[in-house]
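First the structure, in the form of structure tokens, and then the observations on it.
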Amino acid sequence: MTANSLNILITGAAGGMCEGINSRLAQAGHHIICLDLDLDRSEAAALKIREQGGKATAFAADVCDEQAVATLHQQIRDHIGAVQVLVNAAGILDRKYLKDSDAQSFRRAIDINLVGPFVMIKEFSEDMLQAGWGRIVNIASIAGTTGYPYPSYAASKAGLANLTRSLLEDFWGTGLTVNNICPGVVDTPMVIDSVRQQVRRRVPTGNIIDPAEIGGLVNFLISDDAKNINGTNMLIDGGATQLFSLFNNHED
Ligand SMILES: NC(=O)c1ccc[n+]([C@@H]2O[C@H](COP(=O)([O-])OP(=O)(O)OC[C@H]3O[C@@H](n4cnc5c(N)ncnc54)[C@H](O)[C@@H]3O)[C@@H](O)[C@H]2O)c1
């Protein structure tokens, strides 16, 4: 079953990639529940959706804070109702090599990128389990499937991939699916200029990904056509991680 209008909770909704996710899902007629750390930024994201003719409501909470997330759940129940779809997009990229890093900054990345989705899934899967239907989509990264220069980011996103697989046992036969999307370089403020320049040389399609493409993939994963896609890490990276590029002929 896919109802016409779903209540879709999106974390990190004020961020660059979510602009594409929010508008794509709102265009499909869903109610977007925008969650970010700061209410003004969540509200700005929700306003943008409403200006485009969509339905959106803003909330603020830290996804790592179990108590704040429990309170948020009660607020959403009171004002909107049950959540049918959760998109975990909140995340940070701490550009620190091992030599510049320390346990505190490493823990922060693990907290936001991995503990946050865990807390959100634990809390909001309750609604889905009660309804006997639900969709969870985590925004991971290709950095979690390959190595990456910034260990805290790579480790947190790899953990997210294995968290996703491990939930299949809990959600066995419940009507819930849980999947990861692993983007390559997406056109957002998170991406620095030098990386943009590398895309043309190192990505087989040569493209930076439009955030709306991530929205399109989320929209597919919550549709009936995707009801048997479960526990996957879906790459959207222009082929970057599939190409063994030691003998890359396309260097400048
Ligand atoms: N931009 C890319 O190229 C790219 C590539 C692969 C994966 N990703 C992943 O996609 C997701 C979105 O990335 P983006 O580029 O939009 O980043 P962004 O920095 O623009 O947005 C992230 C959002 O998450 C929010 N956030 C951070 N910590 C939070 C917390 N504790 N609680 C609630 N909200 C919190 C921030 O306020 C921000 O609005 C991230 O998980 C990122 O790791 C991004």
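The values are calculated or read from the model by the stated rules, or taken from the named source; none is laboratory data. The structure displayed is predicted, hence computed values, not measured ones. Cβ atoms come from the backbone with ideal geometry, glycine included; neighbour counts cover every protein chain shown. Accessible surface is based on the protein model in full, side chains and every heavy atom, while ligands, DNA and RNA are left aside. Shrake-Rupley method; radii C 1.70, N 1.55, O 1.52, S 1.80 Å.
Worth a mention:
- For the stretch 1-111: rounded, prolate or oblate by the Cα gyration tensor [a/c cutoff 1.5]: prolate
- Against the chain, whose longest principal axis is taken from its Cα atoms, helix 193-202 shows a tilt of about 70°.
- The string of couplings for the stretch 87-103 from the Karplus curve (6.51, -1.76, 1.60, θ = phi - 60°) is 10, 8, 10, 4, x, 10, 10, 8, 7, 10, 6, 3, 5, 9, 9, 8, 4 Hz, one whole number per residue in order, with x for Gly and Pro.
- Build a GNM of the chain with springs between Cα atoms under 10 Å apart, and of Pro211, Pro189, Pro151 the one that fluctuates most is Pro189.
- Each Cα pair under 8 Å and six or more residues apart adds its separation to the average, and for the stretch 7-236 the resulting relative contact order is 22 percent.
- Fraction of accessible area attributable to carbon and sulfur, the chain (%, probe 1.4 Å): 51 percent
- When only the Cβ of Lys, Arg, Asp and Glu is charged (+1, +1, -1, -1), the dipole of the stretch 31-149 relative to its Cα centre reaches about 400 debye.
- For the chain, built as a Gaussian network whose Cα springs stay under 10 Å, the top-fluctuating residue of Asp65, Asp38, Asp225: Asp225
- Surface accessible to a 1.4 Å probe, per residue, for the residues of the chain, Å²: 49 Å²
- The order of Tyr153, Tyr97 by accessible area, most exposed first and with a 1.4 Å probe, is Tyr97, Tyr153.
- The Asn228 and Asp100 beta-carbon pair, evaluated with R₀ = 41 Å, returns a calculated FRET efficiency of approximately 0.40.
- Among Trp172, Trp133, the sequence by solvent-accessible area, most first, with a 1.4 Å probe is Trp172, Trp133.
- Dipole magnitude for the chain: computed about the Cα centre from +1 point charges on Lys and Arg Cβ and -1 point charges on Asp and Glu Cβ, it is near 440 debye.
- The largest-to-smallest principal axis extents of the Cα set in the stretch 1-45 are 33, 16, 13 Å.
- Taking the charge dipole of the chain about its Cα centre, with +1 at Lys and Arg Cβ atoms and -1 at Asp and Glu Cβ atoms, the residue from Ile8, Cys18, Met120 reaching farthest to the positive side is Cys18.
- Among 16-22, 99-105, 57-63, 126-132, the peptide with the highest mean count of other Cβ atoms within 10 Å heads the list, and the full ranking is 16-22, 57-63, 126-132, 99-105.
- Prolate/oblate/rounded call for the stretch 7-236, Cα gyration tensor, a/c under 1.5 rounded: rounded
- Degrees separating the helix 66-79 axis from the principal Cα axis of the chain, which is the longest one: 50 degrees
- Angle of helix 16-27 to the longest C-alpha principal axis of the chain, folded into 0 to 90 degrees and rounded to 10: 40°.
- For the chain, built as a Gaussian network whose Cα springs stay under 10 Å, the top-fluctuating residue of Ala226, Ala140, Ala14: Ala226
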